[in-house]
1. Please specify each residue of segment 44-72 satisfying the condition of being among the charged types (D, E, K, R) and at pLDDT 90 or above.
2. Just one of the numbered conditions (1) acidic (Asp, Glu); (2) surrounded by 11 or more Cβ atoms within 10 Å (Cβ to Cβ); (3) modelled with pLDDT of 85 or more is not true of Glu25; which one?
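The values are calculated or read from the model by the stated rules, or taken from the named source; none is laboratory data. Here the structure is a predicted model, which means the values were calculated and not measured. Here the Cβ is made from the backbone with ideal geometry for all residues, glycine too, and neighbour counts use every protein chain on show.
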Amino acid sequence: MQNIIPISDMRFYNESLSKVAVGSEVVLTKNGKAKYTVVDFEEWEQTKATLELLKEIQKGVNSFKNKPTHTIEDFEKKYGLSE
């Protein structure tokens, strides 16, 4: 759940930051527009790890789309595994 707070309220940062929890970030606004987000550190680490995983998955998808693929039979024949 988002807590939206004007950045000017950060002069009361203890109160504002006490609202930060896993799954409950604080959105700081400047001139009425969202400018910054404060999140729990563990949640931030999980988010970064998820983004890295998604990037790696996307690399695999792109590789699969752009490079030739081989069947299991091709692999077995190449490495002498077929009977």
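1. Glu45, Lys48, Glu52, Lys55, Glu56, Lys59
2. (3)
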